[in-house]
Every structure is written in C-alpha cells, then in structure tokens.
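One structure is given here, and the rest of the page talks about it.
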Amino acid sequence: MEQHMVVFVTAGSKEEAEKLSLGLVEEKLAFCVNTLPSIQSTYYWEGKLCVDEEILLIIKTRSSRFAALEAWVRRNHSYDVPEVIALPIVKGSEPYLKSIDNWVPASP
C-alpha cells in the first residue's frame with residue numbers, strides 16, 4: 001500500500017510561499033499545501049544565532065514522491081539550504097488519502 005507523508009518547508013516571504021505552494025500542486029508533487037503565516041524560527045546558521053519571521057508550508061504527498069519534491073523545492077527556493085523535513089502519515093481518513101493518490105502520481 002502506498003504510504004503518505006507530510007513535508008514541512010519554511011519560506012521567508014508570503015510571495016515565495018505562494019510560489020512554492022502553487023508550483024508543488026501544479027507539478028503534482030503535492031495534493032495540498034497549507035500555509036501558516038508568521039512563525040518565528042530560531043536557528044544557528046553560519047556561525048551565529050538567528051531569529052526570523054517565516055511562513056510554514058505543510059505539504060501532503062506520497063512518500064514515493066519525496067525525492068522529486070525535495071529536488072523541486074531546492075531548485076525553486078531562495079534559501080541556499082531550505083528546510084525540507086518529512087514525517088509519515090501513520091493514519092488518516094481513507095477518502096483524504098485516496099485524494100492524495102488521485103492527484104499525485106506514483107513514482108515510476
């Protein structure tokens with residue numbers, strides 16, 4: 001049975017979040033992308049502690065499409081090293097999971 005996952009990606013602006021969200025769905029790498037505005041990210045980067053406002057994308061897709069999704073995000077994101085973190089969907093509504101399968105093609 002096909003597995004599904006949620007992928008987290010952060011963006012630095014509303015415009016970039018919209019570009020990434022639309023592109024992922026249009027390219028059939030994601031069925032749905034939720035956008036959570038105004039999160040605060042605290043992280044260590046290039047020798048210093050950073051605190052920034054970002055936007056969190058919550059992406060639903062097939063596990064078999066993760067590599068293609070990650071590559072697409074890396075090509076289209078403004079960050080040198082964008083966050084692309086995946087978690088498995090352990091359980092979910094069967095009709096919703098079927099909707100993911102109907103939109104996102106299985107990996108060849």
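The values are calculated or read from the model by the stated rules, or taken from the named source; none is laboratory data. On a predicted model such as this, the values are computed, not experimentally measured, just so you know. Please note: Cβ atoms are built from the backbone with ideal geometry, for glycine as well, and neighbour counts cover all protein chains shown.
Taking the stated definitions as given, is V7 assigned to a helix (DSSP H, G or I) and touching a Phe, Trp or Tyr at 6+ places or on another chain (Cβ under 9 Å)?
Values: assigned to a helix (DSSP H, G or I): no; touching a Phe, Trp or Tyr at 6+ places or on another chain (Cβ under 9 Å): yes.
So V7 fails the test.
Report, by residue number, each residue of segment 19-34 that is surrounded by fewer than 15 Cβ atoms within 10 Å (Cβ to Cβ) and not acidic (D, E). Before you say what the answer is, go through the steps one by one.
First, the residues of segment 19-34 that are surrounded by fewer than 15 Cβ atoms within 10 Å (Cβ to Cβ): 22, 26-28, 34.
If the condition is that a residue be surrounded by fewer than 15 Cβ atoms within 10 Å (Cβ to Cβ) and not acidic (D, E), then L22, K28, N34 are the ones that fit.
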Quiz item: For the subset of segment 43-67 comprising residues that are of a type in the set (D, E, K, R) and surrounded by 12 or more Cβ atoms within 10 Å (Cβ to Cβ), which member is farthest from L24 (Cα to Cα)?
Solution: D52
Quiz item: Just for segment 90-108: of the residues that are not β-branched (V, I, T) and not in a helix (DSSP H, G or I), which one is modelled with the lowest pLDDT?
Solution: P108
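If you take the residues of segment 68-78 that are loosely packed, with under 15 Cβ neighbours inside 10 Å and touching a residue at least 12 places away in the same chain (Cβ under 8 Å), which of them is nearest to S41 (Cα to Cα)?
In the first step, residues of segment 68-78 are kept if they are loosely packed, with under 15 Cβ neighbours inside 10 Å; the result is 71, 74-76, 78.
With the extra rule that they be touching a residue at least 12 places away in the same chain (Cβ under 8 Å), the set shrinks to 76, 78.
Numbers: N76: 21, S78: 16 Å.
For segment 68-78, the residue satisfying everything is S78.
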Quiz prompt | strands (runs of 3 or more DSSP E) completely within segment 24-89 that count 2 or more residues being among the polar types (S, T, N, Q) | solution = 32-45
